[in-house]
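S.K.: Below are the structure tokens for one structure; questions will follow.
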Amino acid sequence: MAKPPLSMKPTGWFQVAWSDEIAVGDVRTMKYFGQEMIAWRAESGALTVMNAYCEHLGAHLGYGGTVHGEVLQCPFHGWQWNQQGRNVCIPYEDRPNRGRRITTYPVIERNESVYIWHDTENREPFFDAPDVFAGFADGSTAADYYPQQRLFRQGLEMHPQYVLENGVDFAHFKYVHNTPIVPVFTRHDFDDPVSYVDFTITFEGDDGQRIEDVNSGVEAINGGLGIAVTKSWGMIDNRTISAITPVDESTSDVRFMVYIGRPAGEVRDPARAAAKAGEFGAEVIRQFSQDIHIWAHQRYSDPPALAGSELQGFTAIREWAKRFYPDGRGGSAAELAAHTR
Ligand code: FES
Ligand SMILES: [Fe+2]
């Protein structure tokens, strides 16, 4: 790919796993932000995500490390590390090494996902990860929806910002997703780290209709660059979560989740209704895959050749995005080159 001039070490919440992939006692290896990491779940259910190497002599804790109650034991010499990354036991000494600490990451489990807070400056989280139900404050819960359907694509040559830019890119819907008419944005709120985008959209009818007459749409909440959640209205009731996490300097993992709403009231044929929901979910995932096909081969265009009607939205989102980059600019290649000289 064309490596983007944007940092692959942005600040924010990023998905590193699904909760059900890490049972009690499991130790899972992963690589994100250029770091070897592990996630392990203690007896109590508490989940820890930390850098993978033991501070003693550098064993990789993901290869043979074992969970003992609330601590993780290194396979090499049996040193034990707690959920804050502190050494709590050297089995052949009277006291632990209180000085050394393995870097741990703030973790939250939400909507069946594991999110970590990543920040090169080690600041505390300064915004919350969005919740695909509570975020829309409409009283909905997972119980109102069929089970989550998922897409996982690993190591794609793309940057998280590409996905967020979809949130202002009205023109792509017609060409990538074959909507009959171009959607119209009704809200762009890029003041805070958590931003909001609403638009009117339809997948029905022909190109003779007017967008003013369309009675369906999508509301999106972007929690930084890593997580976006959406709610639809006026169409098949669905919620989605897209989560893009940088792996190294040129690739990202992409996770996409969709929930299809359960019908209200009595369902005559539950098996059939569930099968239908499965089909709808697959269709939503297929549409997201159409985007991935573009993103995974895209080159970040800066400055882009924007049409007049695109200027405001793209300017707003790119300005908003800068706050998440370590250099505070996420700016043009020329700017970055000047910065690193
Ligand atoms: S390397 Fe982990 S205990 Fe020695
Ligand atoms: Fe899209």
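The values are calculated or read from the model by the stated rules, or taken from the named source; none is laboratory data. Predicted, not measured: the structure shown is a model, and the values here were computed from it. Here Cβ is always computed from backbone atoms with ideal geometry, including for glycine, and neighbour counts include all displayed protein chains.
S.K.: Just to check your reading of the model, which residue among 88, 114 is more than 16 Å from ligand 1 (Cβ to nearest atom), part of a strand (DSSP E or B) and of a type in the set (Val, Ile, Thr)?
M.R.: 114
S.K.: Spot the failing condition for residue 12; the list is (1) touching a Pro at 6+ places or on another chain (Cβ under 8 Å); (2) more than 30 Å from residue 159 (Cα to Cα); (3) surrounded by 14 or more Cβ atoms within 10 Å (Cβ to Cβ), and only one is missed.
M.R.: The single condition residue 12 does not satisfy is (2).
S.K.: Within the bounds of the range 39-52, is there any residue that is surrounded by fewer than 21 Cβ atoms within 10 Å (Cβ to Cβ) and without any contact (Cβ under 8 Å) to a residue 12 or more places away in the chain?
M.R.: Within the range 39-52, not a single residue is surrounded by fewer than 21 Cβ atoms within 10 Å (Cβ to Cβ) and without any contact (Cβ under 8 Å) to a residue 12 or more places away in the chain.
S.K.: Moving on to the next point. Give just the number: which of (1) away from ligand 2 (no atom under 14 Å from the Cβ); (2) of a type in the set (Val, Ile, Thr); (3) without any contact (Cβ under 8 Å) to a residue 40 or more places away in the chain does residue 182 not satisfy?
M.R.: It fails just one condition, (1).
S.K.: Counting just the residues of the range 306-341 that are of a type in the set (S, T, N, Q) and modelled with pLDDT under 70, which one comes out surrounded by the most Cβ atoms within 10 Å (Cβ to Cβ)?
M.R.: Within the range 306-341, the match that is surrounded by the most Cβ atoms within 10 Å (Cβ to Cβ) is 332.
S.K.: Just for strands (runs of 3 or more DSSP E) wholly inside the range 203-274: which have at least 1 residues that are touching a His at 6+ places or on another chain (Cβ under 9 Å) and surrounded by 14 or more Cβ atoms within 10 Å (Cβ to Cβ)?
M.R.: 238-246, 252-260
S.K.: Follow-up. Can you pull out the residues in the range 60-81 that are part of a loop (DSSP other than H, G, I, E, B) and either crowded, with 18+ Cβ neighbours inside 10 Å or in contact (Cβ under 8 Å) with a residue 60 or more places away in the chain (or both)?
M.R.: Across the range 60-81, the qualifying residues are 61, 62, 65, 74, 79.
S.K.: In the range 40-59, which residue that is of a type outside the set (A, V, I, L, M) and assigned to a loop (DSSP other than H, G, I, E, B) is farthest from ligand 1 (Cβ to nearest atom)?
M.R.: Looking at residues that are of a type outside the set (A, V, I, L, M) and assigned to a loop (DSSP other than H, G, I, E, B), I get 45.
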